[in-house]
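**Student:** Sending over a structure as structure tokens; questions will come in a sec.
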Amino acid sequence: MSADTQTPAIILHSPQMGENIGAAARVMGNFGLPDLRIINPRDGWPNDKAFSMAAGSPVLDAAKVVTDMAEASTDLTRIYATTARPRGMEKPVLTARQAMAEIRQAQMAGEKVGILFGAEKSGLPNEAVAMADAIITLPVDRSFSSLNLAQTVAVIAYEWTAEEGAPAEFEEVSDPASREDLERMFVHFEDELERAGFFYPPEKTALMTQNLRSAFIRGRWTTQEVRTFRGAVKALAIGRGKARIQRDD
């Protein structure tokens with residue numbers, strides 16, 4: 001099994017400072033996490049400050065720079081979002097230690113997992129958090145809860161390594177759906193809902209879509225379940241078309 005499937009991917013969502021990207025890559029190298037994915041870095045790529053701060057970490061040399069969340073998570077079956085704010089979404093909220101134990105079990109069962117980190121000032125956008133299976137929070141002082149990006153990655157990386165000696169108890173997962181499969185299912189379903197006039201009023205479309213996706217993510221879909229659901233959506237769409245024809249007749 002490759003290193004990428006044995007360890008979680010670290011995903012930096014719209015990071016601002018090259019220094020923080022480099023520091024995150026450096027600590028990932030320290031703790032044996034090779035898979036770094038960077039979404040739309042503010043100051044462009046490559047970034048001299050990032051490479052200087054990485055101090056020769058091989059993680060940065062192999063980092064994948066992508067344009068959006070979908071591209072960063074195509075091959076993943078599970079995502080954890082690091083944020084201090086649950087944002088009112090109905091998602092499990094875990095400590096770093098609890099999350100690393102759960103992630104290790106998922107990895108051992110063949111899943112590919114990503115851990116998502118937000119930008120230094122704004123954190124993670126709601127649409128990114130909606131795509132996560134669970135939220136990771138750290139027990140920081142609520143009066144000063146903002147952590148440096150690289151520091152947060154360091155805490156998670158340490159907890160991952162500390163979990164390495166934990167008992168290997170896990171249950172087999174039956175062919176979990178990739179994020180690419182889920183994204184296609186979401187788009188298919190949302191297109192049909194749009195045609196059916198579900199999104200009303202129009203200004204609430206984004207919120208309604210976010211809530212639907214968040215609910216689906218909690219279901220931990222398998223590839224077969226995605227195929228079945230898309231087949232059901234297609235059948236309903238075809239049936240709706242037949243009903244229109246009959247009414248017209």
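**Student:** If the chain between Asp48 and Arg230 were fully stretched, how many nm would it gain, using 0.36 nm times the residue separation less the Cα-Cα distance?
**Tutor:** Using 0.36 nm per residue and subtracting the Cα-Cα distance, I get 61.0 nm.
**Student:** Now, a different point. Hey, with R₀ at 22 Å, roughly what FRET efficiency would Ile238 and Glu180 work out to, going by the Cβ-Cβ distance, to 0.05? Please report the intermediate quantities before stating the final value.
**Tutor:** Values: r = 25 Å, r/R0 = 1.12.
About 0.35, to the nearest 0.05.
**Student:** For every helix of n ≥ 4 consecutive DSSP H residues, a contribution of -39,500 (n - 2.57) applies; sum these over the chain, divide by its total residues, and give [θ] at 222 nm rounded to the nearest 500 deg cm²/dmol. Provide the component values of the computation, followed by the final result.
**Tutor:** On the way: 11 runs with 120 residues, N = 249.
Here the helix-only value at 222 nm equals -14500 deg cm²/dmol.
**Student:** Considering the convex hull of the alpha carbon atoms of the stretch 179-248, report its projected area averaged over all viewing directions, in nm², one decimal.
**Tutor:** Result: 5.2 nm².
**Student:** In terms of modelled amide H atoms, which long-range or inter-chain residues lie less than 5 Å from the amide H of Ile79?
**Tutor:** So Ile79 has HN proximity to Gly114, Asp133, Ala134.
**Student:** Taking only Cα atoms, what is the 0 to 90° angle, nearest 10, from helix 96-108's long axis to the longest principal axis of the chain?
**Tutor:** The angle comes out near 70 degrees.
**Student:** Hey, another quick one. May I ask you to derive the FRET efficiency for Asn30 and Lys64 from their Cβ-Cβ distance with R0 = 25 Å, giving the value to the nearest 0.05?
**Tutor:** The calculated FRET efficiency here is 0.80.
**Student:** A further question follows. Please quote Rg/Rh for the chain to two decimal places, taking the Kirkwood radius as Rh and restricting both calculations to Cα atoms.
**Tutor:** Reported Rg/Rh, Kirkwood definition of Rh: 1.03.
**Student:** Starting from the Cα of Lys64, draw a straight line to each of the lysines and keep only those under 22 Å, dropping any in the same chain fewer than 8 residues away.
**Tutor:** Lys49, Lys112
**Student:** Taking H placed 1.01 Å from N in the peptide plane, check which residues at least 5 places from Asp43 or on another chain put their amide H under 5 Å from its amide H.
**Tutor:** Excluding prolines and chain starts, which carry no amide H, there are no hits.
**Student:** Can you find, among Ala132, Ile11, Met100, the residue sitting farthest towards the positive end of the charge dipole of the chain, where Lys and Arg contribute +1 and Asp and Glu -1 at Cβ?
**Tutor:** Towards the positive end, the residue furthest out is Ala132.
**Student:** Given Ile238, Val187, Gly197, which one lies farthest toward the positive end of the charge dipole of the stretch 179-248, if we put +1 on the Cβ of every Lys and Arg and -1 on the Cβ of every Asp and Glu?
**Tutor:** Towards the positive end, the residue furthest out is Ile238.
**Student:** Label points 7 Å out from Cα along the Cβ direction at Glu194 and Gln98: separation in nm?
**Tutor:** Here the answer is 3.7 nm between the modelled labels.
**Student:** Kindly provide the GluC sites (Glu not before Pro) of the stretch 47-148 that DSSP labels as loop, not H, G, I, E or B, and whose Cβ sees at most 14 other Cβ atoms within 10 Å.
**Tutor:** Glu90
**Student:** Next question. If I fit a long axis through the Cα atoms of helix 205-217 and take the longest principal axis of the Cα atoms of the chain, what angle between them do I get, 0 to 90°, rounded to 10?
**Tutor:** Result, in degrees: 70.
**Student:** As I understand it, the value is the acute angle between the Cα axis of helix 18-30 and the longest principal axis of the Cα atoms of the chain; what does it come to in degrees, rounded to 10?
**Tutor:** Between helix and principal axis, roughly 80 degrees.
**Student:** If you don't mind, another one. What per residue convex hull volume, in Å³, do the alpha-carbon atoms of the stretch 15-111 yield?
**Tutor:** With only Cα atoms used, the stretch 15-111 gives 125 Å³ per residue.
The numbers here are math on the coordinates, done by the rules we state, and not lab data. The model shown is predicted, which means the values in this text are computed figures rather than measured ones. No Cβ is skipped: glycine too gets one built from the backbone with ideal geometry, and neighbour counts run over all protein chains shown.
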